[in-house]
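Notes follow the structure.
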Amino acid sequence: MKKILCACALTSMLVASAVSASEFTINPMVGASHSKAGGTNAAVGLEAGYSDFIFGYTYTGDENKNSDTYDFQHPDVNDGISVSADTFSQDKYRAHSLYAGYQFDLGAGHLAVKAGVEMSKYSVGTGFDLRENGDGGITNTAGLNVSGSSNYEYAPMVGVGYYMDNGLNFNLHYTWQDGQRDMSYSASAYNAKPVTSPSHKVKNDVSNRDFSTVMFTVGYRF
């Protein structure tokens with residue numbers, strides 16, 4: 001009798017585990033995001049589902065770098081001295097979103113509505129390096145670097161997704177925010193010896209840059 005009871009209990013546990021496991025889903029996603037400030041960039045995401053509830057994460061970002069080199073002849077040509085200047089600039093944007101959603105039966109699949117928050121960070125940098133070249137090689141070097149970075153900014157995010165019964169799904173997310181954010185700037189320079197300035201915080205420095213993002217991804221739910 002005890003053996004029968006143990007067998008029944010074990011069978012019930014296995015059935016319950018199988019039913020519970022079937023309620024969980026994993027949905028990796030890939031696609032693209034677009035904003036006026038950053039253009040079009042790759043986007044990735046991952047969703048976990050339990051029953052009709054959805055919890056997700058997405059990531060997108062962009063980075064732009066520019067550099068140029070200029071050569072100048074010293075006014076006194078007899079000295080045989082020339083000056084080279086390397087200029088550079090870059091900006092970087094990173095955005096992470098966390099959200100939750102709920103799905104409804106619709107046709108040959110499910111329609112999900114989602115809402116959450118996006119956390120984004122923006123940084124910039126620019127500067128130059130100068131080299132004075134003579135017959136004996138580089139005789140003097142100098143440079144300046146200015147960099148700025150914002151704290152994480154938070155913005156609302158909404159989205160919809162359609163999940164077909166075969167696992168394929170399509171998702172459209174939208175996050176809106178303006179380009180105004182607090183930036184902390186610092187500068188460093190060198191002319192034989194390095195000199196660094198303290199950081200200075202500037203409010204509403206990044207203006208006229210629309211970071212509102214439209215993201216489209218395709219996924220496959222297991």
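Listed by first and then second residue, the pairs linking a residue in region 27-45 that is farther than 14 Å from Thr58 by Cβ to a residue that is outside any strand (DSSP E or B) and not acidic (Asp, Glu), with Cβ atoms under 6 Å apart and 6 or more places separating them unless they lie on different chains, are Ala37/Arg209; Ala37/Phe211.
All of (1) open to solvent by 60 Å² or more (accessible area, probe 1.4 Å); (2) aromatic (Phe, Trp, Tyr); (3) at pLDDT 90 or above hold for Phe128 with one exception: (3). Listed by first and then second residue, the pairs linking a residue in region 113-134 that is at negative phi and of a type in the set (Ser, Thr, Tyr) to a residue that is assigned to a strand (DSSP E or B) and open to solvent by 60 Å² or more (accessible area, probe 1.4 Å), with Cβ atoms under 6 Å apart and 6 or more places separating them unless they lie on different chains, are Ser123/Lys92. Tally up the residues in region 172-222 that are at pLDDT below 75, assigned to a strand (DSSP E or B) and in contact with a Gly (Cβ under 7 Å, 6 or more places away or on another chain), please. Going through region 172-222 one residue at a time, the tally reaches 0. Evaluate the following for Tyr154: is it in contact (Cβ under 8 Å) with a residue 60 or more places away in the chain and either open to solvent by 50 Å² or more (accessible area, probe 1.4 Å) or in a strand (DSSP E or B) (or both)? Considered against the rule, which asks whether it is in contact (Cβ under 8 Å) with a residue 60 or more places away in the chain and either open to solvent by 50 Å² or more (accessible area, probe 1.4 Å) or in a strand (DSSP E or B) (or both), Tyr154 comes out as no.
Could you go through region 87-105 and let me know if any residue there is part of a loop (DSSP other than H, G, I, E, B) and open to solvent by 40 Å² or more (accessible area, probe 1.4 Å). Checking region 87-105: not a single residue is part of a loop (DSSP other than H, G, I, E, B) and open to solvent by 40 Å² or more (accessible area, probe 1.4 Å). If only residues of region 53-72 that are in contact (Cβ under 8 Å) with a residue 40 or more places away in the chain and open to solvent by less than 50 Å² (accessible area, probe 1.4 Å) are counted, the one that is nearest to Gly109 (Cα to Cα) is Ile54. Residue check: is Glu47 among the acidic types (Asp, Glu), out of contact with any His (no Cβ under 9 Å at 6 or more places or on another chain) and open to solvent by less than 30 Å² (accessible area, probe 1.4 Å)? In short, yes.
The values are calculated or read from the model by the stated rules, or taken from the named source; none is laboratory data. In this text, all values refer to a predicted model and were calculated from it rather than measured experimentally. Ideal geometry is used to build each Cβ from the backbone, glycine not excepted, and the neighbour counts take in all protein chains shown. For the accessible areas, the whole protein counts, side chains as well, though only heavy atoms, and no ligand, DNA or RNA atoms are used. Shrake-Rupley method; radii C 1.70, N 1.55, O 1.52, S 1.80 Å.
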